[in-house]
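Structure record follows, encoded as structure tokens.
Every number here is computed from the coordinates shown, using simple stated rules; none is lab data. Since we're looking at a predicted model, the values are computed, not measured. We place every Cβ from the backbone using ideal geometry, glycine too, and count neighbours over all the protein chains shown.
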Protein chains: 2
Amino acid sequence: METKLTFTFLIYFFVKINSCFKKIFFVIISFLVFLFYSEAQTPDSSVIRSIYNEALLNGKSYEDLRELCKNIGARLSGSAQAEMAVKWSEQKMLSYGFDKVSLQPIIVPHWERGNTEVGWFQIKDKINKVNLLALGGSIGTNGLISGELIEVNSLEELKKKNSKDIKNKIVFINQKMDDTFIQTFKAYGSCYPIRGNGAVEASRLGAKAVIIRSLSLSKNEHPHTGSLNYNDSIQKIPAAAISTQDAEQLSTAIKNNQVTFSFEMDCRLYPESPSFNVIGELKGIEHPDEIITIGGHLDSWDTGEGAHDDGAGVIHCLEALRIFKSLKLKPKHTIRVVFFMNEENGNAGGKSYAKISSEKKEKHIAALESDRGGFAPRGFVSDGNENELKWMQSIAINFKNYDLHVFDKGGGGVDIGPLKNYFPEIILFSFVPDSQRYFDFHHAPSDVFENVNKRELELGAAAIASFIYLLDKK
Amino acid sequence: METKLTFTFLIYFFVKINSCFKKIFFVIISFLVFLFYSEAQTPDSSVIRSIYNEALLNGKSYEDLRELCKNIGARLSGSAQAEMAVKWSEQKMLSYGFDKVSLQPIIVPHWERGNTEVGWFQIKDKINKVNLLALGGSIGTNGLISGELIEVNSLEELKKKNSKDIKNKIVFINQKMDDTFIQTFKAYGSCYPIRGNGAVEASRLGAKAVIIRSLSLSKNEHPHTGSLNYNDSIQKIPAAAISTQDAEQLSTAIKNNQVTFSFEMDCRLYPESPSFNVIGELKGIEHPDEIITIGGHLDSWDTGEGAHDDGAGVIHCLEALRIFKSLKLKPKHTIRVVFFMNEENGNAGGKSYAKISSEKKEKHIAALESDRGGFAPRGFVSDGNENELKWMQSIAINFKNYDLHVFDKGGGGVDIGPLKNYFPEIILFSFVPDSQRYFDFHHAPSDVFENVNKRELELGAAAIASFIYLLDKK
């Protein structure tokens, strides 16, 4: 402001003096003022402001997410809803006038929960119903199964058990997510093995089934599902997650009593199905052959509506590209939005996209994933080298007024990860929203549209569009 | 980690050599190692880690807020519930074993909404009910009143009107909060005058009542109340807020039609009542006469449960002091938690606390207010000078791993503001949580316990306790 006043004063001074020589000098000074102002206006900051205004005033993200959640809902790979979501996404991208919209055929697993899913524990005559969800990929129970329950608190504890203690029993892995991690994804990461490998480890010792405490930091009645791994050389056993509330009650009950657990699930695996990644792009005007991919996953678990996981992520990226189009921002590189199919139980979409990109000899320079929910933005992380990190930190200033402060090293994401195998030079980025509420909803019936906040979603889309704008012109 | 290994190796090396000289050297090295570790452990960071662990693992904040919201609920000054909240707060502070707990008598206004509160607009034969709430302090309508509605979009537009256009009409001020402000409190600030002064300005031009669009960024069916100001020299007229959704419908209707608005409210002002600020403190061990006040307001509007506004704020501060007590942190200065009464409609609590503090010749060095909801923490702002700001910025490093990044200049708060009049040297701080969701709930029926997230609330209490810990030892 002070500099502005000084320049204004100088101009006034030279105009007042009014001699020929001074007039020339005035022209020079005016030119300098012009240069100064062009500099001071910082085109980046005004573009970013326009991006945020578009997202907040004319944004489509919230209504798009409403359609995806309410008109389609849960959309597990191989389900009719997943195919409905593919069609919806294609139509939506076409309606936004992207340069090219295409469906990329892939093959996905097809697992279904079925109708029966019920369980309870029994102490003497007392029956206590629990809320459970089969883990994704689990075999069914083939009728009701019952067994004495044995509790362990971690996979390590289970592995140390003798098979005579486990044989023919139902193992209950009651590992609590650690509340003291500030980044909730770290707490999730340290608990993940009980869901991923609990069934294999329990079966190795002769267990007839496994029940896990839901991977959530909140204590409530919702069970949280998620994929498990089987091992072809180990007998497959049924596996389910019970709500954290039920896990606490069950753990208390088991302290002083012999507990019998009974459950029935008719989930099953069907033959693989054809499905699609949905791809839209804006062609680069300088380097059309160099591609920046942004995306999330279109599939979701079959409970709730996949609102945060990962409806928010695909809508973030869709909206980012729509904003580019709407503001007539012409990217230098080709920016491609990809709605990956099958992140939740196989990652066929991510793997196929990378493989096909390589087969087509495409040039992929960067990719960004949004798969951490639709919460208030905190920033971005990157797997790039020191120079790339320095660039990230150098752009942080553009986001200070938008409350973004995380510009750090970090992982890419499940969907874009396979690109690294084919394009070792690619830089992978993740969008980082606030993580505190994520595991209240993750893979649970509560992951519904109503739990996404409109402004938080819009700010995420604006942050991603702004980041991609800066990355593209780097 | 590497440094740790180097030191370990050095110790091992000197022990192995084993000569007298080397033994002396070993002692010196051990001492250096000790110094290095004392430094490396950074007592501040370990205390802050303990504070966060206590809040997240053994925290009482969420259950305390549940009691305040569910067992007491809305608690407007002068109401029976406000007095119930006073008793509850006193008992709660006593149960936590603070050094001193007291009730500070004050006099508060007593306004009641009454039972009847209904309104609708009519176009020809068509009746459209609206959701409305009397603005706090409004006079009642004394039976049903109806009038032709005239819409303006701001207080400035209203002020420019001729009295002949307004006379005997009902003024509808439909100013939309500006979505493009990233900090939602700024959007609120720029709309606040329509609620605070709308009735006076409309009455000055002869209007018989005023209806405002609720001050909220979300578009839904909830009306948002809040205090208005009357001016003794201008006729008092009834004033109410309608939901943002109703405001949009009404605005569309009025474009092409003459609209009649009708409403009835039997709200009224009762004689002033006695009430209390509730005060608990931990005595300072070095400067017991120097006081750091932390607090929020115990009263709330009479709709919803005052969960974010300001149940979260008082519970933040209560929990911060409980954590000090529980971790046996002995503050140098006296730390006083104050639950102020009557912030919402008069600020008798804040004004009285400052005045009484001055009369008692107390020494107040700093105060912190939490009155921006129980959302994920972002940081703190201060009204201090450059040196104080530098100190704020110097402590930011302690909070990096806890996702706090705002350490800036900013205002104190309504409750602690009056302290500045009596103690000009005092430094005022505000706790800054994320602001995106605040105005979805502010002064509305939706400000209930269920809309506060447990971890976000706990992290707020931990951030405040940690900040006060650093401030106290500064």
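Quick notes on this one:
- Angle in degrees between helix A:348-359 and the longest Cα principal axis of chain A, rounded to the nearest 10: 50
- Label spacing, shortest first and in nm, from B:Lys390 to its equivalents in the remaining copies (7 angstrom along Cα→Cβ): 2.9
- Put simply, the amide H of B:Phe276, placed in the peptide plane, has neighbours under 5 Å in B:Ile106, leaving out anything fewer than 5 places away on its chain.
- In order along segment B:207-217, phi translates into HN-Hα couplings of 5, 9, 6, 9, 10, 10, 6, 4, 7, 8, 8 Hz, rounded to whole numbers, per the Karplus curve 6.51 cos²θ - 1.76 cosθ + 1.60 with θ = phi - 60° and x for Gly and Pro.
- Test item: Cα-centred dipole of the protein assembly as shown, Lys/Arg +1 and Asp/Glu -1 on Cβ, debye: 1380
- What the Cβ-Cβ distance of A:Glu148 and B:Lys325 gives, at R0 = 45 Å and to the nearest 0.05, is a FRET efficiency of 0.50.
- For B:Asp371, distant residues with modelled amide H under 5 Å away: B:Phe431
- With Cα atoms defining each centre, segment A:325-370 and segment B:77-150 are spaced 54 Å apart in the structure.
- Note on A:Lys87 and A:Leu103: the extension gain reaches 4.8 nm, defined as 0.36 nm multiplied by sequence separation minus the Cα-Cα distance.
- Here B:Asp99 yields copy-to-copy label distances, from shortest upward, of 7.0 nm, the label point defined as 7 Å from Cα along Cα to C-beta.
- Position A:Lys159, label points 7 Å along Cα→Cβ, spacing to each other copy in nm (shortest first, one decimal): 7.3
- Under a 5 Å amide H cut-off, with hydrogens placed 1.01 Å from N, A:Glu151 pairs with A:Phe172 among residues at least 5 apart or on other chains.
- Derived scalar couplings between HN and Hα for segment A:159-170 equal 4, 7, 6, 7, 5, 5, 7, 10, 3, 6, 9, 9 Hz in order, rounded to whole Hz, by the Karplus curve 6.51 cos²θ - 1.76 cosθ + 1.60 (θ = phi - 60°), x for Gly and Pro.
- In this calculation the C-beta distance from A:Thr180 to B:Gln258 is compared with R0 = 56 Å, giving a FRET efficiency of 0.35.
- Qualifying chymotrypsin sites (Phe, Trp or Tyr not before Pro) in segment B:409-474, DSSP loop, other Cβ atoms within 10 Å at most 13: none
- Relative contact order (percent, whole number), chain B, Cα cutoff 8 Å, 6+ residue spacing: 20
- Per the axis that maps chain B onto chain A, nearest residue of B (Cβ criterion) and its distance in Å: B:His405, 2
- Across segment A:114-266, the relative contact order, built from alpha-carbon pairs under 8 Å that are at least six residues apart, equals 39 percent.
- The modelled label-to-label distance between A:Lys400 and B:Asn421, using points 7 Å beyond Cα along the C-beta direction, is 3.5 nm.
- Per-residue average of Cβ from other chains inside 10 Å of A:436-446: 2
- Per-residue ³J(HN,Hα) for segment B:457-465, Karplus 6.51 cos²θ - 1.76 cosθ + 1.60, θ = phi - 60°, Hz, x for Gly and Pro: 5, 4, 5, x, 4, 5, 4, 5, 4
- Options B:Phe431, B:Leu65, B:Ile48, ranked by Cα towards positive dipole end of chain B, top entry (Cβ charges): B:Ile48
- Signed unit charges on C-beta, dipole axis of the protein assembly as shown, positive-most listed residue B:Asn231, B:Phe98, A:Val86: B:Phe98
- Each label point was placed 7 Å from the Cα along the Cα-to-Cβ direction; for A:Leu94 and A:Leu389 their separation is 4.6 nm.
- Extending 7 Å from Cα along the Cβ direction at B:Glu156 and again at B:Ser358 yields two label points whose distance is 3.6 nm.
- The long axis of helix B:2-17 is offset from the longest Cα principal axis of chain B by roughly 20 degrees.
- Helix axis angle, A:244-256 relative to chain A longest principal axis, alpha carbon, degrees: 30
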